[in-house]
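So the structure is just underneath, and the comments pick up after that.
What follows draws every value from the coordinates through simple rules; no lab data is involved. As the structure is a computational prediction, the values presented were derived from the model and not from experiment. In this analysis, Cβ positions are derived from the backbone assuming ideal geometry, glycine residues included, and neighbour counts consider all displayed protein chains.
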Amino acid sequence: MAKPYSQDLRERVIKAIDDGHTRNEVATLFDIGIATVGRYVKRQRRTGSLKPDKFGGHQRYKLADHAQKVRELVDAESDQTLLELRDQLAVDGIEVSKSALDRFLRASGLSYKKNSVRHRAKTPGHSRSARCVA
């Protein structure tokens, strides 16, 4: 997983810039991107610090506050699709995307009907029995 460059590297980059090196020279010297050097310089000038912003962490699910309502809807009709469940939530004023609903259900261990068209009609001539004519 990606992570921010070390504080030591950031400080050496700024020191090299302050010593009169160009951004291109510094990028080549430390084997980092020119844009990275530019961001460090901009951050130093703007905030006076080179400390990176918070990186990563856990983000709550949008539906966390409505978990009980979602459970009730799934328990009441467990064979509904994500779109049907999303529409039922929208009636109660809970707007959420299909993918956010899917992630919340998976994390909560709740199951749902995966596909609105489970058993699609087979196209004539593509079934196994049609090929095995004796």
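Structure summary
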read-out: Enclosed volume per residue, in Å³, of the convex hull spanned by Cα atoms of the range 7-47; value: 57
read-out: Residue exposure sequence - Leu9, Leu29, Leu63 - by fewest surrounding Cβ within 10 Å; value: Leu29, Leu9, Leu63
read-out: Prolate/oblate/rounded label for the range 40-80 (Cα gyration tensor, a/c 1.5); value: prolate
read-out: Packing-based exposure ordering (other Cβ within 10 Å, fewest first) of Thr47, Thr81; value: Thr47, Thr81
read-out: Which of Arg106, Arg10, Arg43 has the fewest Cβ neighbours within 10 Å, and the rest in rising order; value: Arg106, Arg43, Arg10
read-out: Cα principal axis extents for the range 26-101, largest first, Å; value: 63, 23, 18
read-out: In order through the range 35-52: 3J(HN,Hα) via Karplus (6.51 cos²θ - 1.76 cosθ + 1.60), integer Hz, x for Gly, Pro; value: 5, 5, 4, x, 5, 5, 5, 4, 4, 4, 5, 6, 10, x, 9, 10, 4, x
read-out: Rg and Dmax [Cα atoms of the range 64-108; Å; Rg one decimal, Dmax integer]; value: 9.3, 23
read-out: Derived scalar couplings ³J(HN,Hα) [the range 74-90; Karplus, 6.51 cos²θ - 1.76 cosθ + 1.60; whole Hz; x for Gly, Pro]; value: 5, 5, 5, 8, 7, 9, 7, 7, 4, 5, 5, 5, 4, 5, 5, 5, 5
read-out: 14 Å beta-carbon shell around Ala100, net charge (K/R +1, D/E -1); value: +3
